[in-house]
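Take a look at the structure set out below.
The values are calculated or read from the model by the stated rules, or taken from the named source; none is laboratory data. This one's a predicted model, so the numbers in the text were calculated from it and none came from an experiment. Glycine gets a Cβ as well: all are built from the backbone with ideal geometry, and neighbour counts include every protein chain shown. The protein model used for the area step is the full one, side chains on, heavy atoms only, and it has no ligands, DNA or RNA in it. Shrake-Rupley method; radii C 1.70, N 1.55, O 1.52, S 1.80 Å.
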Amino acid sequence: MSSSTSSQAKSNALESIKNYRVSELQTLLDVANVTRQGHKRDLLQRCKLVITSNFTSQMANKIQQINNARKRSSRSHRVSSSSSSSSRNRPIVLPKTPPIEVLPQANHIQFINLPFFEKMRNIECSNMPVDWHAFSPMRFTLNETDIDLIRKNIARVFLRIAPTTVHERHNDVLPPYLFVQCNNQPVINNNISKQVGSQAHSISFPTDITDKIILKANTSNTLNYLWLQSLAAVSFKNLPKSYTLSVQLVHCVSIDTLFDLIIKREPYTNKTDNDNDNDSDIEIEDLGLMTTRHRVSLLCPITQSLIVVPAKSSYCSHLTCFDLKAFLLMNERRLQWTCPLCKKSASYESLRIDERLKTILSNVPPNCSTVEVDSSTDCQYILDSIKQEKIDVTDTIHLQKNNEDASIENSSNNNK
Ligand SMILES: [Zn+2]
């Protein structure tokens, strides 16, 4: 310290201590190693003496600390006094805290309907937030009626999973890195995350856990579930905050029941013939007659045999159909039903019988697999060299289903 700066520091210090309280003067005397006994006037006098005679850097620092503390406390006093005065004419505004995310209740999560497995009741459900590390086991019990229905093959137990949001009916999904055990037997072991697409989870048919259930009424079944990797640590695009697990009792609906319900629906009405969206039909322009004829196959794209009951989705704009029973069987354990011809959505609700093709098929000659139709009700049968037969798809479809699955999986992958 130079003499001028030191004298400046001393005079500042002497100025500061004038307003000091007893406790502050005592602290300063402690630093100077001088007695702190006496009245305030004595303490102040002693401090002045120490500063003028032996002003150390420790004392200068202590004065700085006391001054800073006084500034802070006077500032907070001003804030509190101003807010208390203004609170008389303004409503009290609570300090802003980040909103706490409240998840919807697990039993409010809606799943899409499964035509072959009609929901009877929710047995148990639970939310699975992605930033949680541990979940306590989910326990559920079945009653006498449930067990009876399961034993008779009328009902099954499905584990359904969907994002914990309530604004829509969800497709079932397979979350990344999920491990689930039912009564200590693994039912889901997914140690991967979907790489393609906007979601880390993939759409997948619900898990049938019927075989893992204890077939005894009022006995506790246990579902353990955990993340194989911490999802909070992994950055995913559009990963939901939570998934919901739902154990449901579902009623097995027979293919004949679904088939009969579709037969009873209002049949498909053909759209105008100049609809140029007939993507799978061959169009033949007959300029002389100014009519457009379409060549329509009578073979089912699923079975490659003659269609028995021609159907398509109300969204389809082509004349060609598929066999209704073959289509239903192919989709028994699928979530998203699509038309094998145009790949548009062909949900169970959208399926219709094609009356025109049904009439054509009822009169089809034995060696015919194609017809030519125009806007009139007439049709021209085109004869093949080999004889076509109608076969009952129920026996053969199971063999073909696997091949179909593979080809549809491939084509859907190519579309991405
Ligand atoms: Zn279609």
Practice task
First check a/c for region 106-253, with a ≥ b ≥ c the square roots of the eigenvalues of its C-alpha gyration tensor; if it is under 1.5, answer rounded, and if not, answer prolate when a/b is larger than b/c or oblate otherwise.
Solution key: prolate
Fill in the blank from the handout: With every protein chain in place, the accessible area of H39 for a 1.4 Å probe, in Å² rounded to the nearest 10, comes to 140
Practice task
Would you pull out the residues with amide H under 5 Å of Y268's amide H, same chain only if 5 or more places away, H placed 1.01 Å from N?
Solution key: I353, D354, E355
Completion exercise
Calc'd 3J(HN,Hα), region 335-341, phi into Karplus 6.51 cos²θ - 1.76 cosθ + 1.60 (θ = phi - 60°), Hz, glycine/Pro = x, comes to 8, 10, 8, 10, 5, x, 8
Practice task
Return an integer: the convex hull volume of the alpha-carbon atoms of region 167-261, in Å³ per residue.
Solution key: 162
Handout entry: Distance cut-off 17 Å, percentage of C-alpha pairs in region 3-74 lying past it
Key = 35
Fill in the blank from the handout: From highest to lowest solvent-accessible area (probe 1.4 Å; ligands, DNA and RNA excluded), Y315, Y268, Y243, Y381 read Y315, Y381, Y268, Y243
Exercise for the section: At 1.4 Å probe size, with no ligands or nucleic acids counted, give the accessible surface of F205 in Å², nearest ten. Expected result: 40
Problem - Accessible area per residue, Å², region 3-74 with all protein chains present, probe 1.4 Å - result: 63
Fill in the blank from the handout: Counting sequence-distant residues (5 or more places) and residues on other chains, those with an amide H built under 5 Å from that of T207 are L159
Problem - Long-range amide H partners of L231 with built H, under 5 Å - result: none
Fill in the blank from the handout: Under the Karplus relation with 6.51, -1.76 and 1.60 and θ = phi - 60°, whole-Hz ³J(HN,Hα) for region 103-114, x at Gly and Pro, equal 7, x, 5, 4, 7, 8, 7, 9, 10, 5, 6, 10
Practice task
With a point put 7 Å past each Cα toward its Cβ, work out how far I203 is from R70 in nm, to one decimal.
Solution key: 7.3
Problem - Probe 1.4 Å, protein heavy atoms only - accessible area per residue of region 150-254 in square angstrom - result: 46
Completion exercise
Rounded to the nearest 10 Å², the accessible area of K343 using a 1.4 Å probe with every protein chain kept is 100
Exercise for the section: Could you order S246, S53, S6 so the one with the most accessible surface comes first? Probe is 1.4 Å. Expected result: S53, S6, S246
Fill in the blank from the handout: Between W132 and S345, the two model label points (7 Å from Cα along the beta-carbon direction) sit apart by a distance in nm of 3.1
